[in-house]
Amino acid sequence: MYDNSGSVLGAATATIVLPATASAITGINYFILLASFIAVLIVFNVVVRIVKNTVKL
Amino acid sequence: MDTRNFILVLSLILSGIAIFRYLFYLLISPLYDFHKEKLLKDSRGLSKSQIEKRTKISVIVPAWNEEVGIITSIESLLKNSYKNLEIIVVNDGSTDNTNKVVKQFYNKRIKDKNLRGKTFTYINKRKNKGKGAAINSGIKRAKGDLIITMDADTKFEKDAIFTVAKYFQNKNVDAAVGNVKVANSRTILGIIQVIEYTLGFYFKRTNSVINCEYIIGGAFGIFRKSVFEKCGNFDENNRTEDIEFSTRLKSFGLKTIYIEDAIAYTEGADSILGLLKQRLRWKKGRLDTFIKYPDMFLSCKKEHNFFLSWIVLPIALIGDLELLLFPILTPIVFYYTFTLSDFSYWFAWIFFFTSVIFLCYIFGSKKNNWRSFVAIPLFYLLSVILVFVEIYAILGSIKLYLEGENIIWQTWNRKGVSNV
């Protein structure tokens, strides 16, 4: 049992609204912004994993 | 403000909240890796036998009409690598053969056998009094420092209990929830639930990091014995006693965590009807709990966690309301898509959603179901089923609440989890 409320709609709005707004403001292509957003998430996860494995807490 | 502006402002607020929720969970969840290391600090340097010696664990398995799965659950406990273990099975007045199969199994596999440090207790209640009452009977008999609740259609991994014991060497931890995976992945509905659980439990990482885990499900819930002395036992009149109890723990300001490495497999609903009943019970239980603890929302009390009170709970509530807009928004988006012949946003939507789930699989829990991995790109389409199930559950729970009715336990055609 977990809290999954609104996950599809959340994804939808995050996809459509966030890069679309950024695209309107910056003039950069929407798909490039979306891909960059996903790339940032991947890089963030990788960096966390690397830091965790190298730095002893 | 005219109607057009009102709709514009409302949609900006709602989409802003949805984006915030997503970013919040996606950015904090990876930090769970650090959080985990910190929690495990006190168990470092302790051998398995040292941990076993200092921590006795009681597992309570309440069973009501569980003739199909109960033996698999008991077997998984007997085969578990943790030795200082007390197994307590409570038959809650089953009307099927649960009592018979447990007794047969006991005579054949447990009685007069060397259980290597484990003990087995069977409580056979003639009258069905509900899951909360069954667990409470087990708690009264339990001698363990930790109490684990396990559903009778669930199976633990061999090292799951030892993993739990390691985390509880940290004296600050009061309660925890294990990582529950759906076992039946041979049907489309099964695969949908496998992916959904993976996504849902990945987000529990965030709740654990910020000490906001308020849903400790009965399938694999872990509680320090002292918690019951402080907060009381399970509510015997509540059908979702696990949500009520774990929210109560948060109202007392206790520390609750998520243990991703402690894995259990449970049986998902095998039909749409079963899924509808299950989700209706979950939503009604959560609604009842929210109504019972209104002071948890936007609270300034010292014992209430700020993130839970100001972010997680309000967003959970708003998330459900947003879900109700889905049937209205989808046709509008479809209309504009086909009128303008621009499908780019749909592709973007699918691409983003698929990428997020891939992230959960790759960076989240180990031992994921790789058969479901292949289905991830289709999950966007399949999840529409889930959206409508959730909408039904939300509306149904509101209707039941207004009519003052309680929910009944869902039943479906049990197949068991023995094949995992």
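The values are calculated or read from the model by the stated rules, or taken from the named source; none is laboratory data. Remember, predicted model here, so these are calculated numbers, not experimental data. Methodologically, a virtual Cβ is constructed for each residue, glycine included, from the backbone with ideal geometry; neighbour enumeration extends over all protein chains shown. For the accessible areas, the whole protein counts, side chains as well, though only heavy atoms, and no ligand, DNA or RNA atoms are used. Shrake-Rupley method; radii C 1.70, N 1.55, O 1.52, S 1.80 Å.
Just one of the listed residues (B:K301, B:K277, B:K250, B:K225) is more than 30 Å from B:T72 (Cα to Cα) and either free of Cβ contacts under 8 Å to residues at least 40 places away in the same chain or surrounded by fewer than 22 Cβ atoms within 10 Å (Cβ to Cβ) (or both), namely B:K301. For segment B:85-96, a residue qualifies if it is at pLDDT 95 or above and open to solvent by 40 Å² or more (accessible area, probe 1.4 Å), but none of them does.
Applying the criterion of being of a type outside the set (S, T, Y) and open to solvent by less than 30 Å² (accessible area, probe 1.4 Å) to the residues of segment B:59-72, the residue that is nearest to the other protein chains (Cβ to nearest Cβ) is B:P62. Among the residues of segment B:322-344, those that are within 10 Å of another protein chain (Cβ to nearest Cβ) and touching a residue at least 12 places away in the same chain (Cβ under 8 Å) comprise B:E322, B:L323, B:L324, B:L325, B:F326, B:V333.
Yes/no matrix, rows are residues, columns are (1) touching a helix residue (DSSP H, G or I) at 6+ places or on another chain (Cβ under 7 Å); (2) open to solvent by less than 10 Å² (accessible area, probe 1.4 Å); (3) outside any strand (DSSP E or B); (4) not aliphatic (A, V, I, L, M):
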position	(1), (2), (3), (4)
B:I257	yes, yes, no, no
B:D261	yes, no, no, yes
B:Y265	no, no, no, yes
B:K283	yes, no, yes, yes
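So which residues in segment B:32-58 are more than 14 Å from chain A (Cβ to nearest Cβ) and not in a strand (DSSP E or B), if there are any at all? The answer is B:L46, B:S47, B:K48, B:S49, B:Q50, B:I51, B:E52, B:K53, B:R54, B:T55, B:K56. For B:K103, indicate whether it is open to solvent by 70 Å² or more (accessible area, probe 1.4 Å), in contact (Cβ under 8 Å) with a residue 60 or more places away in the chain and closer than 17 Å to B:N65 by Cα. Spelling it out, it is not the case that B:K103 is open to solvent by 70 Å² or more (accessible area, probe 1.4 Å), in contact (Cβ under 8 Å) with a residue 60 or more places away in the chain and closer than 17 Å to B:N65 by Cα.
Residue by residue through segment B:307-317, note down the ones that are facing chain A (nearest Cβ under 9 Å) and open to solvent by 50 Å² or more (accessible area, probe 1.4 Å). Within segment B:307-317, just B:L317 meets the criteria. Looking only at segment A:42-57, filter to residues that are among the basic types (K, R) and at the interface with chain B (Cβ under 7 Å from one of its Cβ atoms); which one of those is surrounded by the fewest Cβ atoms within 10 Å (Cβ to Cβ)? Restricting to residues being among the basic types (K, R) and at the interface with chain B (Cβ under 7 Å from one of its Cβ atoms), the top hit is A:R49. Quick check: anything in segment B:393-404 farther than 30 Å from B:R248 by Cβ and either exposed (fewer than 14 other Cβ atoms within 10 Å of the Cβ) or more than 13 Å from chain A (Cβ to nearest Cβ) (or both)? Scanning segment B:393-404 turns up no residue that is farther than 30 Å from B:R248 by Cβ and either exposed (fewer than 14 other Cβ atoms within 10 Å of the Cβ) or more than 13 Å from chain A (Cβ to nearest Cβ) (or both).
So that you can scan it fast, the table gives a plain yes or no per residue for (1) farther than 27 Å from B:T154 by Cβ; (2) among the aromatic types (F, W, Y):
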residue	(1), (2)
B:I17	yes, no
B:F24	yes, yes
B:I28	yes, no
B:Y32	no, yes
B:R44	yes, no
B:P62	no, no
B:L78	no, no
B:N91	no, no
B:V102	no, no
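Among residues that are among the aliphatic types (A, V, I, L, M), touching a helix residue (DSSP H, G or I) at 6+ places or on another chain (Cβ under 7 Å), at pLDDT below 85 and surrounded by 15 or more Cβ atoms within 10 Å (Cβ to Cβ), B:V417 is included.
The rows are residues; the columns are (1) modelled with pLDDT of 70 or more; (2) assigned to a helix (DSSP H, G or I); (3) facing chain B (nearest Cβ under 9 Å); (4) over 15 Å from B:A18 (Cβ atoms).
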position	(1), (2), (3), (4)
A:Y2	no, no, yes, yes
A:V8	no, yes, yes, no
A:L18	yes, yes, yes, no
A:I28	yes, no, no, yes
A:I32	yes, yes, no, yes
A:S36	yes, yes, no, yes
A:V40	yes, yes, no, yes
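Is segment B:345-365 home to any residue that is away from every other protein chain (no Cβ under 11 Å) and surrounded by fewer than 14 Cβ atoms within 10 Å (Cβ to Cβ)? Scanning segment B:345-365 turns up no residue that is away from every other protein chain (no Cβ under 11 Å) and surrounded by fewer than 14 Cβ atoms within 10 Å (Cβ to Cβ).
One residue stands out in segment B:109-132 among those that are assigned to a loop (DSSP other than H, G, I, E, B) and of a type outside the set (D, E, K, R): the one that is farthest from B:I57 (Cα to Cα), namely B:N128. Residues of segment B:122-144 being open to solvent by 10 Å² or more (accessible area, probe 1.4 Å), out of contact with any strand residue (DSSP E or B) (no Cβ under 7 Å at 6 or more places or on another chain) and at pLDDT 95 or above, which ones? Across segment B:122-144, the qualifying residue is only B:K140. One residue is enough: does segment B:373-384 have a residue meeting the conditions surrounded by fewer than 17 Cβ atoms within 10 Å (Cβ to Cβ), within 11 Å of chain A (Cβ to nearest Cβ) and in contact (Cβ under 8 Å) with a residue 40 or more places away in the chain? The answer is yes, given that some residue of segment B:373-384 is surrounded by fewer than 17 Cβ atoms within 10 Å (Cβ to Cβ), within 11 Å of chain A (Cβ to nearest Cβ) and in contact (Cβ under 8 Å) with a residue 40 or more places away in the chain. Taking A:S23, is it in a helix (DSSP H, G or I), modelled with pLDDT of 85 or more, more than 7 Å from chain B (Cβ to nearest Cβ) and over 30 Å from B:G218 (Cα atoms)? No; evaluated as a whole, the condition is false for this residue. Here B:V61 does not qualify as part of a helix (DSSP H, G or I), at pLDDT 95 or above and either in contact with a helix residue (DSSP H, G or I) (Cβ under 9 Å, 6 or more places away or on another chain) or among the aliphatic types (A, V, I, L, M) (or both).
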